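Student: One structure coming up, written as structure tokens, with questions to follow.
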Amino acid sequence: MNRRTAFMLTGMTLLGLAIAAIPQVSFAQSSSLIGTWKQNLDKSKVVGPPLRSSTIIYTQDGQNMRATNQSIDAQGTATTVVYMHIYDGMPHPTTGSPVFDASAYTRVDANTIILGRFKAGKLVLIGTLVVSQDGKTLTGSLTGTQANGQLGSDIVVFEKQ
């Protein structure tokens, strides 16, 4: 089994286990994510192209949450990616990313989320989002296909504004 196949199988298994094992309804009403988060570029370890800035704004959208990620790359090109956090573990459309077109989220507890990113129905990235106990730091651990098409792992650190 090649590395990519193993990655996809592991990711799908983890996502499936999380969906089956964790009740989702009780987490929909409140979230430690709500607010504005700015990426700390010095603390982040990113394999892909470097960014000048990245900010995520989480807002409540009914039972779900909307995340709007605005970033500027090293060449000054701005990108806006919009994710709907629907905690049912199923892929839902994501706009603005060249790497993926859908995202799936499973809430583990008040501060932890498992995520998957998909392109044309295929899993291309898995990871976790963890809000620190004090609510001031958001850390994303992501493994999968990078913007350059290579497999890699990123640790992204955001600070609440």
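The values are calculated or read from the model by the stated rules, or taken from the named source; none is laboratory data. Every value quoted in this text rests on a predicted model; they were computed, and no experiment measured them. With ideal geometry, Cβ positions are generated from the backbone for all residues, glycine too; neighbour counts draw on all protein chains shown.
Student: Checking Ile86 against (1) surrounded by 16 or more Cβ atoms within 10 Å (Cβ to Cβ); (2) touching an Asp or Glu at 6+ places or on another chain (Cβ under 9 Å), which test does it fail?
Tutor: Condition (2) is where Ile86 drops out.
Student: Within the stretch 133-151, track down each residue that is hydroxyl-bearing (Ser, Thr, Tyr) and closer than 15 Å to Ser44 by Cβ. Give the steps one after another, and end with the answer.
Tutor: Let us first name the residues in the stretch 133-151 that are hydroxyl-bearing (Ser, Thr, Tyr), namely 137, 139, 141, 143, 145.
Within the stretch 133-151, Thr137, Thr139, Ser141, Thr143 qualify.
Student: Kindly provide the set of residues from the stretch 115-161 that are loosely packed, with under 14 Cβ neighbours inside 10 Å, at positive phi and part of a strand (DSSP E or B), ordered by number.
Tutor: Scanning the stretch 115-161 gives no hits.
Student: Being under 18 Å from Ser54 (Cα atoms) and aliphatic (A, V, I, L, M) is the requirement here; does Val130 meet it? Steps first, please.
Tutor: Working: under 18 Å from Ser54 (Cα atoms): yes; aliphatic (A, V, I, L, M): yes.
The answer is yes for Val130.
Student: Another question about this same structure. Check Ile56, Ile72 and return the single one that is over 25 Å from Leu123 (Cβ atoms), surrounded by 14 or more Cβ atoms within 10 Å (Cβ to Cβ) and at pLDDT 95 or above.
Tutor: Numbers: Ile56 fails: over 25 Å from Leu123 (Cβ atoms).
Just a single option satisfies the conditions, and that option is Ile72.
Student: Just checking, which of Gln161, Gln150, Gln146 is within 21 Å of Leu51 (Cα to Cα) and in contact with a Gly (Cβ under 6 Å, 6 or more places away or on another chain)?
Tutor: Working: Gln161 fails: in contact with a Gly (Cβ under 6 Å, 6 or more places away or on another chain); Gln150 fails: in contact with a Gly (Cβ under 6 Å, 6 or more places away or on another chain).
Answer to the check: Gln146.
Student: Here is a list: Ala78, Ala110, Ala102, Ala28. Which entry is under 26 Å from Gly152 (Cα atoms), small (Gly, Ala, Ser) and either at pLDDT below 95 or surrounded by fewer than 14 Cβ atoms within 10 Å (Cβ to Cβ) (or both)? I'd like the intermediate steps shown before the answer.
Tutor: On the way: Ala110 fails: under 26 Å from Gly152 (Cα atoms); Ala102 fails: either at pLDDT below 95 or surrounded by fewer than 14 Cβ atoms within 10 Å (Cβ to Cβ) (or both); Ala28 fails: under 26 Å from Gly152 (Cα atoms).
That would be Ala78, the only listed residue that is under 26 Å from Gly152 (Cα atoms), small (Gly, Ala, Ser) and either at pLDDT below 95 or surrounded by fewer than 14 Cβ atoms within 10 Å (Cβ to Cβ) (or both).
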